[in-house]
Amino acid sequence: MVFEDCTCDDELFPRHDATNRTKALKQKLVATASILMASALGVSLPILSKKNPTFRLKNYVFFLIKAFAVGVILATAFVHILPDGYESLSSPCLSEKSWGIFSFSGFLAMVLAIATMMIDTFAMSFYKKSHFNKALPTLKEDENGPSPPAVPQVLVPIATSAKAPVNPALSYVTLASFSWDQDNDKVKIYVSLEGVEQEKIQAYFKPLLFDVKFHEVKGRNYRCAIPKLNKEIELEKCKVIVKPTRVIITLFKASKDKWSDMHYSEDKV
């Protein structure tokens with residue numbers, strides 16, 4: 001029987017000299033600073049896009065940038081770090097029963113990659129639900145009238161000489177049927193309704209909803225609302241125009257994206 005002692009000396013794992021270590025340290029510092037600057041720029045883009053439309057990106061462009069960033073991170077892990085992991089975990093200094101019978105490096109890399117994607121998916125889902133729930137008003141009404149909104153609403157002024165009467169005991173007929181079209185800047189909603197008076201319109205707009213009420217139209221009150229729009233709108237520009245046989249609700253887009261539908265869809269990218 002032959003016994004062999006395991007030694008972890010410089011012959012098995014030769015070390016770089018001091019010069020190479022110094023060069024490597026400088027390169028690591030430069031790489032770290034570059035990564036931090038690029039990350040800060042990427043995180044700041046959504047914030048800057050809210051204040052300056054110049055920084056707003058199309059959905060598919062933003063998706064491609066995210067995919068590229070994920071690819072860079074995975075490439076760094078699998079190309080540069082994983083080989084060192086294989087080398088370290090296959091060291092003769094480690095117990096063969098614990099580490100030599102299974103490739104733990106690849107297994108841990110796979111598990112951590114899946115865990116990272118799951119955390120990103122759950123975090124994005126939580127953000128979307130919390131964001132849209134905050135923008136969602138209470139549109140359910142009963143015989144006693146509409147429920148008060150859960151969050152403060154933005155009343156968009158309409159050029160009139162008088163304000164619409166506000167009565168919490170009013171009941172409304174929902175106008176669920178309407179037509180609409182769009183261009184790069186805005187979406188127009190056409191509601192067929194005669195006898196509407198401009199001064200008796202009450203309009204509320206938020207980034208992802210609108211709620212327009214028409215009071216005293218041939219003895220009845222009507223309401224046209226979408227609680228969760230396809231995309232965000234600019235509140236200050238939205239307006240309501242009354243025509244002899246119809247009402248035009250104009251929603252100005254926050255980003256110049258094409259809307260596939262008026263309502264938000266959970267499965268859209």
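General remarks:
- Rounded to the nearest 0.05, the FRET efficiency derived from the C-beta distance between K228 and A115 at R0 = 30 Å is 0.45.
- R0 of 35 Å, Cβ-Cβ distance E197-D261: FRET efficiency to nearest 0.05: 0.65
- When L41, L94 are sorted by how many other C-beta atoms sit within 10 angstrom of their C-beta, beginning with the fewest, the order is L41, L94.
- Filter on K129/K200; K66/K237; K51/K206 - keep pairs with C-alpha separation over 27 Å: K129/K200; K66/K237
- Full-stretch length increase - A38, T245 - with 0.36 nm per residue and alpha-carbon distance subtracted: 69.0 nm
- Cα→Cβ-extended label distance, 7 Å offset, between A67 and N184, nm: 2.4 nm
All of the numbers you see were taken from the coordinates with simple rules; none came from a lab. The structure displayed is predicted, hence computed values, not measured ones. Backbone-built Cβ (ideal geometry, glycine too); neighbour counts: all protein chains shown.
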